[in-house]
1. In 10 Å bins starting at zero, report the fraction of Cα pairs in region 3-43 per bin as a rounded %.
2. Ranking request for peptides 114-125, 58-69: highest mean number of other beta-carbon atoms within 10 Å first, then the rest in descending order.
3. I want to check the label-to-label distance for Arg48 and His73. Put each point 7 Å from Cα in the C-beta direction and report it in nm to one decimal.
4. Let's test the formula: R0 of 41 Å, r as the Cβ-Cβ distance of Gln39 and Arg116. What FRET efficiency results, to the nearest 0.05?
5. Given the convex hull over the Cα atoms of region 24-81, what projected area results after averaging over all orientations, in nm²?
Amino acid sequence: MSSHQRTILIADFELPRGTVGIEQLMAMPRAAWGHLRSQINLRWQQDRSNPLARCRLCEGGVFIRSQATRDGHIPMLAHFPDGSKTCPWYDGGNLHPDDARAAQYQGHQESALHRRLCSTIRELAKADQRHIHS
């Protein structure tokens, strides 16, 4: 079974906002959902025990994740990393950047091309008489 199950379909925000469905969120202009995203993140930084938005199923805190597409960015609701892994809408935790790079480059932290470019730059720098350290 995949750790990525599905997106959160409905979030309950503090009143007066109330319920926001994924369709409603995706129909908002970017400025509107961006503002809402900032408010969620600000609250999370100030008081993690009292999230501004909660998953309708598990009542865990949720945030707005921006997903890049060819047509721009779309907002998606996602559990915070410490969310309930038993929630049917839980989509897995966020990867640490090092883990994401390792997955992208077959277990290495960088691509072979990047490694070769760094090596070439280091050799060119060493060829300069002013070179001290690389």
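Quick note: the coordinates plus some simple rules give every number you see, no bench work behind them. Just so you know, these numbers come straight off a predicted model, no measurement behind them. For neighbour counting, all protein chains shown are included, and Cβ atoms are generated from backbone atoms with ideal geometry for every residue, glycine included.
1. In order of increasing distance, the bins hold 24, 57, 18, 1 percent.
2. On the way: 114-125: 11.4, 58-69: 16.7.
Per-residue mean Cβ counts within 10 Å order the peptides as 58-69, 114-125.
3. Going by the 7 Å Cα→Cβ label model, 2.4 nm.
4. On the way: r = 45 Å, r/R0 = 1.10.
The pair Gln39/Arg116 has a calculated efficiency of 0.35.
5. Working: hull surface 16.9 nm².
That works out to 4.2 nm², a quarter of the Cα hull's surface.
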